[in-house]
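To start, the structure under review is shown below, and the notes come after it.
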Amino acid sequence: MTSLAFTLNGKAVELDVDPSTPLLWVIRDELAMTGTKFGCGMGLCGACTVHLNGNPIRSCSFPVQGAVGQAITTIEGLVDEQGGLHPVQEAWIEHNVPQCGYCQSGQIMSAVALLESNPQPSDADIDAAMSGNICRCGTYSKIRAAIHAAAAGVQHYDPQANKAEVAS
Amino acid sequence: MSIRRRRFIQGSAAVGGSLVLGVNLTGCGPTPLPHAASADLQPNAFLQLSPDGQITLQLHKSEMGQGTYTGMATMAAEELNMPPSMLHIEQAQFHPDFIDPDFYVMLTGGSSSIRTSFEPLRKAAASLAYLLRSAAAEQAGVDIATVMLRDGNVYIGDLEVKPASLIDRARQQELPEEVPLKAARDYRFIGKHNARLDARAKVTGQADFGLDAQYPGALSAVLVRCPHFGGSLKSFDASAALASPGVEQVLEVDGAVAVLAGNYWQARQAANKISVEWNKGPLAGVSSRALRAQRHELAKTEEGKQVEEVGEASAAVGERFEAFYDVPLLAHATMEPMNALAVASDDGIEIWSGMQGVQLALDAVERATGIERSRIRLHNHFLGGGFGRRIQNDYVVEAARIAQLSGKPVRLVWSREDDTRHDFYRPDATALMAATIDGDSISSMQIKAVAPSIFGQFLPLMTRSLLPRWLPSGIHDGIGDMAAGSDPSASEGLIHTPYNFAYKRSNYVMQDVSAPLGYWRSVGHSQNAFFMEGFIDELAHQTNKNPLDFRLANMDPESRHFAVLSKAAELADWGNPPAGQYQGLAVHESFGSVVAEVVNVSADGGRIRVHKVTCVVDCGQVINPDIVVGQMQSGINFGLTAALKGEITLEDGAVQQSNFHDYQLLRINESPEIDVHILPSTNPPSGVGEPGTPPVAPALANAIFAATGQRLRELPLRLS
Ligand code: FES
Ligand code: FES
């Protein structure tokens, strides 16, 4: 065991843990923060996506020693101090994206990172940036729509905005 | 009070009826209401009003993505005449009133939740609303007709009364024989409300899945299981594992080896250091290839059981045309691997997990642990995907046994590899599809489906919950065997088809060697729609007809199939795809709903690319339109995964795949534009979670035929 220190959602963290432990299990099991999910443990599904200095990484395959002295952000860290949601989260709600919801922390972390680097992504850009995140519920159409909406600056949740209706 | 309650139970669920097998149900006597609180007004198991004014809905169905959390709230809120978001929603514990009339146990599956709750849940809410209005009327000395409930308050004219102030008086009110329900034209939320009530929790990481349950000091457990189905533990050496960092205990649990450690990573690392020897068991030497060959042989040599015959065999005139169709085993691959947290104590056992079948899990834990059910407490959670996998409760039982035997609180977590290799799979199945062609028309269709039986494997689990407990275990297996020869899920979608051929016959031949099987999104329809709608397409081409015209010409023009298919063809601009693209279509009824899908595909350089799917659904009265849209998209992507990628294979009785590199799921760059249209309907609600899946594989195969001339009769689809 070694004492390791890094920043998690803006707060300093220090803990004794085997430095080869994947960051995911440090976050989930040692720190009991459960928003970041476990899907495959092999970097194949993206459920465990968090940010390292703003860049998306797969925390299941990232030894915690790589986080030492760095800034880690998880889904919990997207919400501001007043409880306000990130525009991507707002867009996700507005478009009813989540189904089972299990993949969505990872999807949102990938989408936030995409929009930081590319504020107006095309469908092809979205495919490229998001193809590491599997959604078994197949919410891809809504993910695409929500990313475009977030890019267009939709910031506020309007329950009337969901316009699906029974066609005639 | 008790009389009214009994009336409600009779009106709401099929308890006290008899099972298909002719066995009376037992054990449905008065059970305390869930979360009963003496200060609350609780006229039924579904709803309660607390003195703080909060109305709580007991969610008796599991939310696994299909939207039942929002759907149930919408239906209850309609009769309470308040926005669904005002309800407080709790995951329900087992109660007899929550028994599903289709399954005779409390279970979420079969796309039945909205359909079977539409009446009873609205009645439950209407009863609460009535009691409050009646109490207010009595208190004010006015006619009940002048009292209304709106947005959480009771109004007598302009006078506002807080419902909580009426609790005592409401308890004394009589309910009429039939509590009136709102007319459809007065709906404020049903058919209109779209926002998912679980969305905020799910985008902020706050939604509680089974894996997120916490208990002070809980250890992480992983289990090393025999990779060969039905095999057993011969010996193991855990000395290296015991020396591994963080390990607290290694123990044998019912033929598997459990490793308990401080965190998951430590447990997994240690488990990798255990050397184990297994007895391979009854499936040693069995491979998927051999099982497929056996099914083809059985189709040629066995008659099996006739499950449908329409018309006279003598009508089957003309030339015989036949083809074999095949599908492999499939895993569910829910995003959240199986898991459960269990704590055993002198008081009994407490378990937190995501389950589709709370009651079955309760019974299974009782049997496995010997702990009486009154001392077992199960907490359900959001499910990170179900698709039928979490109807089984093996993972709940495992956690319970590890906790019981180790005496420690444990969180059992399956790896993705465990999840892929120890599933209850969609059966591998074969159909010999045959028709007689008389000139340019089809005179008969004769089908022989060959598959192992899910029902035969699953029924013993059900009957253990349904039948008296003193029955010897052999009886349950016997019932399973009896039922297996006529497994309804093996034939669903092959029979009662909309096609009016002069003679139709369908037989089912059971294959008795099998991997563990389970219900997989749309069950038998998942393969049978592919068999049926692929073969129908072949018949259209055999008789030189346009696949759309051929289908419409052979079905009742007044049918829902005709309407749905016609609309899909119109919206997809059937016959005029964009340059370089080709179209295929299929229509299929499942779980009471009819869905037609048109797939636009290109196949340049041997690479199949799905560009667009147009989907039209008739699912009766819609509760939440945007959730229906989401479920159709979801079901289509699920079906496309099976059509393009999904294949579990056995070698030596063990699954060869392990993780998402060799059991691949559709990704966003492969997922098409999906255009969903809902046909308006005044029929009661029918299924939504599953019916989107069956038509897409055949529609895609038919489009590939249009693009390449290759008729692909086996999933996953592979161009030669
Ligand atoms: S859990 Fe990390 S990529 Fe799947
Ligand atoms: S919402 Fe269920 S896996 Fe994506």
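The values are calculated or read from the model by the stated rules, or taken from the named source; none is laboratory data. The shown structure was predicted, so the numbers you read here are calculated from the model rather than taken from an experiment. Glycine gets a Cβ as well: all are built from the backbone with ideal geometry, and neighbour counts include every protein chain shown. These area figures cover heavy atoms from the full protein model, side chains too; ligands, DNA and RNA do not enter into them. Shrake-Rupley method; radii C 1.70, N 1.55, O 1.52, S 1.80 Å.
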### Summary
When B and A pair up, the total accessible heavy-atom area removed from solvent (1.4 Å probe), in Å² to nearest 100, is 5200
### Task
For the range B:417-433, take each phi angle, set θ = phi - 60°, evaluate the Karplus expression 6.51 cos²θ - 1.76 cosθ + 1.60, and give the result in whole Hz per residue in order, putting x for glycine and proline.
5, 4, 5, 6, 8, 10, 8, 10, 8, 4, x, 6, 9, 9, 10, 9, 9
### Summary
Buried by partner chains in the range B:626-642 (accessible area down by at least 20 Å² vs chain alone, 1.4 Å probe, heavy atoms, protein only) are B:D626, B:G630, B:Q633, B:S634, B:N637, B:F638
### Accessible surface ranking that places the most exposed of B:D198, B:D662 first, with a 1.4 angstrom probe
B:D662, B:D198
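From the convex hull of the Cα coordinates of the range A:62-141, what is the mean projected area in square nanometres? Mind dumping the intermediate values first?
Numbers: hull surface 26.2 nm².
The directionally averaged projection comes out at 6.5 nm².
Full-extension gain between B:L251 and B:Q710, please, as 0.36 nm times their residue separation minus the C-alpha to C-alpha distance. Write down the numbers at each step before the final one.
Values: separation 459, 0.36 × 459 = 165.24 nm, distance 5.42 nm.
Working it through step by step, the gained length comes to 159.8 nm.
With a 1.4 Å probe and all protein chains kept in place, how do B:V450, B:V317 rank by accessible area, largest first? Before the final figure, lay out the partial values.
Working: B:V450 0, B:V317 70 Å².
Ranked list, largest accessible area first: B:V317, B:V450.
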### Query
Cα centroids of the range B:337-356 and the range A:40-74: how far apart, whole angstrom?
29
### Rounded Å value of the spacing that divides the Cα centres of the range B:639-718 and the range B:505-575
14
#### Entry: the range B:156-182-the range B:60-83 distance, computed between alpha-carbon centres (Å)
22
### Summary
For A:M42 the rounded accessible area (nearest 10 Å², probe 1.4 Å, non-protein molecules ignored) is 90
### Query
Hey, with R₀ at 30 Å, roughly what FRET efficiency would B:N544 and B:T682 work out to, going by the Cβ-Cβ distance, to 0.05?
0.15
### Query
Could you work out the helix-only [θ] at 222 nm for the protein assembly as shown, with each DSSP H run of four or more residues adding -39,500 (n - 2.57) and the total divided by the number of residues, to the nearest 500 deg cm²/dmol?
-9000 deg cm²/dmol
### Query
Tally Lys/Arg at +1 and Asp/Glu at -1 over every other residue whose Cβ is under 14 Å from the Cβ of B:A490; what's the total?
-2
### Message
Taking every DSSP beta bridge with both residues inside the protein assembly as shown, roughly what % is antiparallel (nearest 5)?
### Response
75
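Could you compute the FRET efficiency for B:S50 and B:L242, with r as their C-beta to C-beta distance and R0 at 45 Å, rounded to 0.05? Kindly include the intermediate steps, with their values, before the conclusion.
On the way: r = 51 Å, r/R0 = 1.13.
For B:S50 and B:L242, the calculated efficiency is 0.30.
Find the accessible area per residue for the protein assembly as shown; the probe is 1.4 Å, ligands and nucleic acids are left out, and the unit is Å². Each step should come with its number before you reach the end.
Values: 31650 Å² over 888 residues.
Each residue of the protein assembly as shown exposes 36 Å² on average to a 1.4 Å probe.
Within 10 Å of each Cβ of B:257-269, how many other protein chain Cβ atoms are there on average?
Values: counts 0, 0, 0, 0, 1, 3, 9, 8, 14, 5, 2, 3, 3.
So the per-residue partner count for this stretch is 4.
Which percent of the accessible heavy-atom area of the range B:121-186 goes to carbon and sulfur, probe 1.4 angstrom?
Exposed carbon and sulfur together represent 48 percent of the surface.
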### Task
Would you mind calculating the gained length between B:A183 and B:V513 on full extension (0.36 nm times residue separation, minus the Cα-Cα distance), in nm to one decimal?
113.5 nm
### Query
Just the accessible area for B:K123, please: 1.4 Å probe, Å², rounded to the nearest 10?
50
